[in-house]
Amino acid sequence: MSAYRDGDKVVVMVPSRLSKAEEEQWIATILERLEERERRRRPSDADLQSRARELSRRYLDGRADPVSVRWVANQRTRWGSCTPDDGTIRLSTRLRGMPGWVVDYVLVHELAHLLIPGHGADFWELVGNYPKADRARGYLEGVAAAAHLPLEADAPDDETADDGVHGDDFPHEVAG
């Protein structure tokens with residue numbers, strides 16, 4: 001048994017040997033599981049805010065306290081942005097549906113900017129507290145390469161290199 005989305009519809013495959021009642025029961029169960037999985041992979045703004053606070057507590061000693069964390073659709077070459085002056089973090093809606101550990105990395109990256117605006121060694125030390133930071137950066141680089149986005153490999157000790165989160169066609173949005 002399986003289910004997948006095909007555009008706006010869900011295709012459910014069940015064995016033909018099931019009775020009509022069993023088929024209906026399994027379809028309902030599969031659709032419920034699919035909906036729950038999609039909900040987890042597409043958190044709301046409130047879910048992002050809560051997750052950011054948990055990640056700050058876990059990896060940044062709770063020092064980064066965002067005022068707001070929300071999805072935005074206008075970031076085409078960045079995965080996220082941060083304005084330390086007002087404590088706002090924005091994540092690109094292109095992250096929706098990506099693995100949670102990748103979204104968590106972008107959140108940790110932006111949370112670190114609430115503490116350190118630039119991309120110096122001290123910034124990368126904070127981001128490095130997240131155990132899947134390198135793996136997530138690689139994932140995002142792969143997605144960007146497949147989409148032919150302008151993204152270069154970063155080197156955490158090179159402040160001029162692109163960091164895999166913000167893109168390189170315009171300046172990183174950090175006010176301060």
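Which count do you get for residues in the range 6-32 that are under 26 Å from the mean Cα position of the chain (by Cα) and free of Cβ contacts under 8 Å to residues at least 24 places away in the same chain?
Final tally of qualifying residues: 5.
Go through the residues of the range 38-48 one by one and say whether even a single one is assigned to a loop (DSSP other than H, G, I, E, B), among the small types (Gly, Ala, Ser) and under 21 Å from the mean Cα position of the chain (by Cα).
Yes.
Determine if the range 29-43 includes at least one residue that is surrounded by 11 or more Cβ atoms within 10 Å (Cβ to Cβ), within 18 Å of His109 (Cβ to Cβ) and of a type outside the set (Gly, Ala, Ser).
Yes.
Can you tell me which residue within the range 113-124, out of those that are part of a helix (DSSP H, G or I) and over 20 Å from the mean Cα position of the chain (by Cα), is farthest from Asp61 (Cα to Cα)?
It comes out as Ala121.
Are there any pairs, at least 6 apart or on different chains, whose C-beta atoms fall under 8 Å, with the first in the range 127-140 and under 11 Å from Asp104 (Cβ atoms) and the second not in a helix (DSSP H, G or I), and if so, which?
Ala136/Tyr130
Mind counting the residues in the range 67-89 that are open to solvent by less than 30 Å² (accessible area, probe 1.4 Å) and in contact with an Asp or Glu (Cβ under 8 Å, 6 or more places away or on another chain)?
Number of matching residues: 10.
Please pick out the residue among Pro131, Pro84, Pro117 that is at pLDDT 95 or above and under 23 Å from Asp65 (Cβ atoms).
Just one listed residue meets the conditions, Pro131.
Are any residues in the range 1-53 among the polar types (S, T, N, Q), over 30 Å from Val67 (Cβ atoms) and touching a strand residue (DSSP E or B) at 6+ places or on another chain (Cβ under 6 Å), and if so, which ones?
Within the range 1-53, Ser2 is the sole residue that qualifies.
Taking the residues in the range 85-102 that are among the aliphatic types (A, V, I, L, M) and in contact with a Phe, Trp or Tyr (Cβ under 9 Å, 6 or more places away or on another chain) as candidates, determine which candidate is farthest from Asp134 (Cα to Cα).
Leu91
Taking the residues in the range 92-134 that are open to solvent by 30 Å² or more (accessible area, probe 1.4 Å) and in contact with a strand residue (DSSP E or B) (Cβ under 8 Å, 6 or more places away or on another chain) as candidates, determine which candidate is nearest to Arg53 (Cα to Cα).
Leu114
Of all residues in the range 73-112, which are in a helix (DSSP H, G or I) and either touching a His at 6+ places or on another chain (Cβ under 8 Å) or of a type in the set (D, E, K, R) (or both)?
Correct list: Arg94, Asp104, Glu110.
The values are calculated or read from the model by the stated rules, or taken from the named source; none is laboratory data. Just so it is clear, the structure is predicted and the values come from calculations on it, not from any experiment. For neighbour counting, all protein chains shown are included, and Cβ atoms are generated from backbone atoms with ideal geometry for every residue, glycine included. With ligands, DNA and RNA removed, areas are computed over all heavy atoms of the protein, side chains included. Shrake-Rupley method; radii C 1.70, N 1.55, O 1.52, S 1.80 Å.
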